[in-house]
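A quick write-up on the structure given underneath.
The values are calculated or read from the model by the stated rules, or taken from the named source; none is laboratory data. The structure presented is a predicted model; accordingly, all values stated were derived computationally and were not measured. In this analysis, Cβ positions are derived from the backbone assuming ideal geometry, glycine residues included, and neighbour counts consider all displayed protein chains.
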Amino acid sequence: MDKKIDSFIKKHHLLSLATAGERLWCCSMFYAYDEANQGFIVASDEMTEHMGNVLKNAHVAGTVALETKTLGKIQGIQFAGVIQKAEKQSAELYFEAFPYARIMNPTLWTIRLDEVKMTDNTLGFGKKISWKRSFSE
């Protein structure tokens, strides 16, 4: 993954997730970044509308953005990927980032990042950096 994108993702912890089912739905979620697998780990109950959508259609999209009114400081990413229930090693990353969540025994999910586009105005107005996962065997 591009170093600027990777660095930006590591500095933040809240994403907006969009899902598609019977209707479009979105939500905000805390995330832990799984750098080794280039993805997010999130927590959510299957009974929510967005997770109900995910159980029917695992393709998701979303954003992570720096909240600023200063045009020259605007940074953020848009992403597309696939979500699935997390494996045990992912859980440890999530609970390391959010230790208090362990008490709630949440259902954890991983979002495999397949494509990321970053806007970074600190590099010049409207500067874009793109990355796509290689699926070569």
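Key figures
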{"quantity": "Pairs where the first residue, in region 43-71, is within 21 Å of E87 (Cβ to Cβ) and the second is assigned to a strand (DSSP E or B) and at pLDDT below 95, C-beta under 6 Å, 6+ apart", "calculated": "none"}
{"quantity": "Total residues in region 115-137, condition surrounded by fewer than 18 Cβ atoms within 10 Å (Cβ to Cβ) and within 15 Å of the chain's Cα centre (by Cα)", "calculated": "4"}
{"quantity": "Selection count where residues are under 11 Å from S44 (Cα atoms), without any contact (Cβ under 8 Å) to a residue 24 or more places away in the chain and touching a helix residue (DSSP H, G or I) at 6+ places or on another chain (Cβ under 9 Å), scope region 84-110", "calculated": "0"}
{"quantity": "Criterion: touching a Ser or Thr at 6+ places or on another chain (Cβ under 6 Å) and closer than 14 Å to C26 by Cα - qualifying residue of G52, G62", "calculated": "G62"}
{"quantity": "Region 55-76 - residue that is closer than 15 Å to F125 by Cα and in a strand (DSSP E or B) and, of those, farthest from the chain's Cα centre (by Cα)", "calculated": "Q75"}
{"quantity": "Residue within region 15-30 that is in contact with a Lys or Arg (Cβ under 7 Å, 6 or more places away or on another chain) and modelled with pLDDT of 95 or more present", "calculated": "no"}
{"quantity": "Extreme residue, surrounded by the most Cβ atoms within 10 Å (Cβ to Cβ), among residues of region 65-88 that are hydrophobic (A, V, I, L, M, F, W, C) and closer than 20 Å to G21 by Cα", "calculated": "I83"}
{"quantity": "Filter result (over 15 Å from K4 (Cα atoms) and part of a helix (DSSP H, G or I)) within region 96-136", "calculated": "E96, A97, P99, Y100, A101, R102, I103, M104"}
{"quantity": "Leading residue by the ranking (surrounded by the most Cβ atoms within 10 Å (Cβ to Cβ)) among those in region 1-19 that are part of a helix (DSSP H, G or I) and within 13 Å of the chain's Cα centre (by Cα)", "calculated": "I9"}
